[in-house]
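Working notes, structure below.
Each reported figure results from applying straightforward, stated rules to the coordinates on display, with no laboratory input. Here the structure is a predicted model, which means the values were calculated and not measured. Every residue, glycine among them, receives a Cβ derived from its backbone with ideal geometry; neighbour counts consider all protein chains shown.
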């Protein structure tokens with residue numbers, strides 16, 4: 001039988017709440033907090049390690065099927081009062097289901113990117129909703145993973161977890177302090193590196209041949225890719241537009257670019273790296 005927690009001052013609850021609100025604490029602990037019956041259930045299905053499960057009595061009645069699956073993955077569980085659950089929640093209408101999950105033990109770096117797939121690279125992305133949407137699309141289209149370069153927002157933040165619809169649990173992530181440096185390393189590894197820019201003089205993405213593994217880099221929502229990153233990539237590409245808009249937001253741009261890259265799925269079978 002699950003132990004009950006009735007106080008918001010309980011140290012287990014305070015620690016879990018801090019995981020939801022503090023990226024630095026998440027990194028220190030190697031843990032993050034997922035919220036919602038479906039999202040927590042997805043974590044369990046995706047074989048994410050779940051040290052702790054929290055749920056309310058109301059959630060037990062309403063989401064029993066989800067909880068049964070999460071329980072099989074969780075090491076320990078606690079039933080919490082509604083006012084305690086409110087301390088953990090980041091949503092307006094909480095479902096009363098939360099789980100503490102473990103991050104990957106070792107962060108993947110550029111050198112870990114296998115040169116037989118297509119990837120997306122993001123530089124200095126700051127909007128959690130944008131990043132979550134991009135990750136959801138990347139997983140749906142079957143990319144090999146996403147490289148996060150520079151000062152991107154924390155992929156394990158509650159907003160990104162929700163917006164990605166569980167893609168965070170399944171999509172490989174890679175980290176680099178500099179997009180320019182990462183592009184140089186990827187060029188040497190044999191990838192085709194492409195810098196996405198809002199420039200009519202750049203090559204149209206629809207004309208690029210993806211007959212070898214490629215990495216498309218997308219920049220910050222307001223300022224785009226840094227000049228150093230553009231210069232380090234093999235070529236600059238753009239999305240042809242007929243309307244008067246000068247550019248698209250990061251998630252819309254990334255979706256179009258990834259679709260073009262994956263349209264014929266040529267990168268994984270026929271491509272070769274040097």
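When a footprinting reagent is the concern and you count Cβ atoms within 10 Å, what order do 191, 210, 173, 25 take, fewest first?
25, 173, 210, 191
Among 137, 238, 91, which one moves the most in a GNM of the chain with springs linking Cα atoms closer than 10 Å?
Looking only at 137, 238, 91, the largest GNM fluctuation is found for 91.
For each of 262, 179, count neighbouring Cβ atoms within 10 Å of the residue's Cβ, then give the residues from fewest to most.
Values: 262 20, 179 28.
Final ranking by Cβ density, sparse to dense: 262, 179.
What percent does the relative contact order of the chain come to when contacts are Cα pairs within less than 8 Å and at least six residues apart?
Numbers: 546 pairs, mean separation 51.8, N = 274.
Answer for the chain is 19 percent.
How large is the translational diffusion coefficient of segment 110-262 in µm² per second when you combine the Kirkwood radius over alpha carbon pairs with Stokes-Einstein at 20 °C and 1.002 mPa s?
Details: Rh = 15.1 Å.
Approximately 142 µm²/s, per Stokes-Einstein.
Taking the beta-carbon count within 10 Å as an exposure proxy, list 233, 40 from fewest neighbours to most. Each step should come with its number before you reach the end.
Working: 233 27, 40 31.
Sorted ascending by nearby Cβ count, the order is 233, 40.
Just to be sure I understand: with springs between alpha-carbon atoms less than 10 Å apart, which residue in 89, 223, 209 has the highest mean-square fluctuation in the Gaussian network model of the chain?
It is 223.
Given springs between every Cα pair under 10 Å in a Gaussian network model of the chain, which of 120, 88, 141 has the largest fluctuation?
In this elastic network of the chain, the residue with the biggest mean-square fluctuation among 120, 88, 141 is 141.
Hey, what angle do you get for helix 64-73 against the long axis of the chain, alpha-carbon based, 0 to 90 degrees rounded to 10?
80 degrees
Kirkwood Rh, Cα Rg: Rg to Rh for segment 1-105?
On the way: Rg = 12.4 Å, Rh = 13.4 Å.
Taking Rg over the Kirkwood Rh, I get 0.93.
May I ask for the angle, rounded to the nearest 10°, between helix 128-141 and the longest principal axis of the chain, with both axes built from Cα atoms and the value confined to 0 to 90°?
That works out to roughly 70 degrees.
Give, to the nearest whole percent, the P(r) tail of the chain beyond 35 angstrom, counting all Cα pairs.
25 percent
Over segment 40-158, what relative contact order in percent results from Cα pairs under 8 Å that are six or more residues apart?
On the way: 143 pairs, mean separation 29.4, N = 119.
The normalised contact order for segment 40-158 reaches 25 percent.
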